[in-house]
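Presented below is the structure to which this report refers.
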Amino acid sequence: MFGLPTPTPLDLRFSLFGVPVWISAWHWLGAAFFGWQFVPEAFAQAGGGTFVSHLIVTILCIFLSILLHEMGHALMARAFGMQWSIVLLTFGGLAYGQRPPRIRWWQDVLVALAGPFIQLLLALALMVGLAAVPVFLDGGIDSALALTALNTLLFVNVAWPILNLLPIYPLDGGQVLRAVLGRTLRRGAELWTVRVGFFVAVMVGAFLYVRFHALFAAVLFGFLAMQNFQAMQASRGR
C-alpha cells in the first residue's frame, strides 16, 4: 500500500528545503477522488464559482496538506542525521530513507509523530486565525472558494492525522507502537504491533461503515487489517 509507485512521464520531481520530492501522476487522481465529496457541501453553504474551480481548490488543499505531513517526517529525520525523500502516492504519501542502525527508539517516535502533529498545528493556526480575523467577503466567488479551501484544510488536517495516529501498522501510530514495544519487549515487538494493528483496523473499519456508511474507509481499513494479518502470519513463521 505504501510502496514506491511505478514512475511515469507525467510525474513531478523537485527539491523542497533540500528534501527530494516525487509526485506520482496518480496522486492527482486520488486527490480528486477524495475532493469530490467536498464540492457539493461548498455549493450548499455558499454560492459562486464552478464545480471545476471548487474541485481544483480542493485538490490543491489536499496536495499541500499531504506534502506538509511528509515534510514533517523528512525534516525531523534530518534533525537526527537522516536524509529522507518524499513521494506522494495515489492515496496519501510516504517519507522514506535509510535508517541508521544506532538510532534511538524515541527518535523513531518523534519522526513518526512529526507528520500528524505539523498538520494539527496548521489546523490550530487556521482556527485561531478565523477567530481573530474576518476572512470571508459577503458573497461572491472569493468567499465561496475560500469556504471550500477552509473546509478541506480543516478536515484533512484534523481527521486524517487523528486516523493516522491509530496504532495500525504502517500508519504513524503503528510506527510509534512498534518503536515503544521494541524498547519494552525487546523480542516479539513486531508480532504484537501487527496483532494490535489487525484488531484496531477491523474495529475502526466496521465502526466507520456501520455508523457513517463510509464504504471507502471500510475498504481502506480492511486492506490495512489484511496487511497486518499477513505480517502477523509471517512473523509467527519466523
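Odds and ends about this structure:
- Filter result for residue 114 (exposed (fewer than 14 other Cβ atoms within 10 Å of the Cβ), in the same structural domain as residue 57 (by TED's automatic domain parsing) and more than 21 Å from residue 59 (Cβ to Cβ)): no
- Yes/no for residue 171 being at pLDDT 80 or above and assigned by TED's automatic domain parsing to the domain that holds residue 85: no
- Matching residues in the stretch 76-106 - criterion: being in a helix (DSSP H, G or I), surrounded by fewer than 19 Cβ atoms within 10 Å (Cβ to Cβ) and touching a residue at least 24 places away in the same chain (Cβ under 8 Å): 78, 105, 106
- Matching residues, the stretch 116-160, being at pLDDT 95 or above and not hydrophobic (A, V, I, L, M, F, W, C): 116, 119, 157
The values are calculated or read from the model by the stated rules, or taken from the named source; none is laboratory data. Just so we're clear, the structure is a prediction, and the values are computed from it rather than from any experiment. Every residue, glycine as well, gets a Cβ built from its backbone with ideal geometry; the counts of neighbours run over all protein chains shown.
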